[in-house]
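The block underneath contains the structure these notes are about, expressed in C-alpha cells.
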Amino acid sequence: MDSNHGYLRILPDWARYSGNSGREEIEIVSDEISVNRIGKKRESSKFSGVDERFTQVGTVFEDEYIVVVRDPVKFPNGSAGTYLRIFERPSLSGASGVVLLPVWRGKIVLRNVFRHATRRWEIELPRGYREEGQSEMEAVKKELAEEVGLEPEKIERLGSIWPNTGLLATEVAAYYVLVGGDIPEPRPEPTEAFSWFVMERYDRLKDRISLGEIRDGFTLAAFQLAFAKGILV
C-alpha cells in the first residue's frame, strides 16, 4: 500500500484537514507503519484481488467528472481502516454546481427529467455543474437560460447543500430566482433528457412530495431552505 499522501495536495484546504481520533474524529493517518497495517488488512479481505487498486490509498479513480480518493484512517475507537471520498471536479476549486428554485407568475418551475442512475423520470428543480472559472452567478444565469429559457428579475442565494456527507465531498449552491417573460422555453444540451415542465404553487407541490412524486434530494433541500427563509410558506 502506497503511503504517499501527495494526493491531498490537489484537494481544497478544508478537505486536507487530518482530524484527531482522540477528539472522536476520523483521523487521516500518514505514518508508514499504520498505512502498511491497513494495507495488509485490506489484502486479507474477500474482495482483495478483484482490482489491483483495492489496496491503494490516494487517488484510486478519476475522470472528467469526479475524483475518488481512499484515505487511510484511524477511527475514534482506535481501529484503523480506509474511507472513500468522492469529489466532483468543480468542487476542487469551489462549489461544484447550482440548483435553482425558479418562480414564474407565482408558480415554481420544475423539469421532468429522465435520470440514468434511477432509470426513471424524476420531477426536479433545474440544476447543473459549474464550469471551470465560472462564478456561481454565471452558473445560475446559464442554467436558467438553458433549462427554463427565461431571464431573471431577482436572484437570492438560499444557502448550500451537501447531498451525501457520508461519501460525497460536494457542495451545491441553492438559489431562489424570480423569472419574467411569457412562456418558458428550454434549450437543453444534447446529452440531457428533458420532457415537460411542472409548474405549480408550493402548496400543491407539498402534496406531490408527500406522495413520493418528488424525491430528488437537491429539490427537497432547496424547498426546505426557501421555507426556512420565509420565501415559501
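Report the residue count in the stretch 119-145 for those that are under 29 Å from residue 208 (Cα atoms), in a helix (DSSP H, G or I) and in contact (Cβ under 8 Å) with a residue 24 or more places away in the chain.
Of the residues in the stretch 119-145, 5 are under 29 Å from residue 208 (Cα atoms), in a helix (DSSP H, G or I) and in contact (Cβ under 8 Å) with a residue 24 or more places away in the chain.
List the pairs whose first member sits in the stretch 15-29 and is at positive phi, whose second member is buried (at least 16 other Cβ atoms within 10 Å of the Cβ) and of a type in the set (Asp, Glu), and whose Cβ atoms are under 8 Å apart, counting only residues at least 6 apart or on separate chains?
Final answer for the pair search is 19/27.
Please specify each residue of the stretch 143-167 satisfying the condition of being of a type in the set (S, T, N, Q) and touching an Asp or Glu at 6+ places or on another chain (Cβ under 8 Å).
Once the filter is applied, which keeps residues that are of a type in the set (S, T, N, Q) and touching an Asp or Glu at 6+ places or on another chain (Cβ under 8 Å), the stretch 143-167 yields only 160.
If residue 88 satisfies every condition in (1) touching a Ser or Thr at 6+ places or on another chain (Cβ under 6 Å); (2) acidic (Asp, Glu); (3) within 24 Å of residue 36 (Cβ to Cβ) but one, which is the exception?
(3)
Condition check: assigned by TED's automatic domain parsing to the domain that holds residue 130, loosely packed, with under 14 Cβ neighbours inside 10 Å and in contact (Cβ under 8 Å) with a residue 40 or more places away in the chain. Does residue 159 satisfy that?
For residue 159, the condition - assigned by TED's automatic domain parsing to the domain that holds residue 130, loosely packed, with under 14 Cβ neighbours inside 10 Å and in contact (Cβ under 8 Å) with a residue 40 or more places away in the chain - is not met.
Looking only at the stretch 114-121, decide whether some residue is of a type in the set (Val, Ile, Thr) and surrounded by 15 or more Cβ atoms within 10 Å (Cβ to Cβ).
Initially, the stretch 114-121 is screened for residues of a type in the set (Val, Ile, Thr), giving 118.
Keeping just the survivors that are surrounded by 15 or more Cβ atoms within 10 Å (Cβ to Cβ) gives none.
Scanning the stretch 114-121, I find no residue that is of a type in the set (Val, Ile, Thr) and surrounded by 15 or more Cβ atoms within 10 Å (Cβ to Cβ), so the answer is no.
Suppose we filter the stretch 56-81 for residues that are more than 12 Å from residue 10 (Cα to Cα) and buried (at least 21 other Cβ atoms within 10 Å of the Cβ); how many remain?
Summing the residues that are more than 12 Å from residue 10 (Cα to Cα) and buried (at least 21 other Cβ atoms within 10 Å of the Cβ) in the stretch 56-81 gives 6.
Evaluate the following for residue 153: is it more than 18 Å from the chain's Cα centre (by Cα) and buried (at least 19 other Cβ atoms within 10 Å of the Cβ)?
The answer is no for residue 153.
Mind checking whether some residue in the stretch 171-186 is surrounded by 15 or more Cβ atoms within 10 Å (Cβ to Cβ), in contact with a helix residue (DSSP H, G or I) (Cβ under 8 Å, 6 or more places away or on another chain), in contact (Cβ under 8 Å) with a residue 12 or more places away in the chain and of a type in the set (Ser, Thr, Tyr)?
yes
Can you pull out the residues in the stretch 122-149 that are surrounded by fewer than 22 Cβ atoms within 10 Å (Cβ to Cβ), of a type in the set (A, V, I, L, M) and more than 18 Å from residue 201 (Cα to Cα)?
Passing the criteria: 137, 145.
Would you point out which residue out of 61, 75, 87 is of a type in the set (Phe, Trp, Tyr) and over 21 Å from the mean Cα position of the chain (by Cα)?
Exactly one of 61, 75, 87 is of a type in the set (Phe, Trp, Tyr) and over 21 Å from the mean Cα position of the chain (by Cα), namely 75.
If you scan the stretch 210-219, which residues turn out to be surrounded by 15 or more Cβ atoms within 10 Å (Cβ to Cβ) and either assigned to a helix (DSSP H, G or I) or at pLDDT below 95 (or both)?
218, 219
The values are calculated or read from the model by the stated rules, or taken from the named source; none is laboratory data. Just so you know, these numbers come straight off a predicted model, no measurement behind them. Quick reminder, even Gly has a Cβ in these numbers, built from the backbone with ideal geometry, and neighbours come from all protein chains shown.
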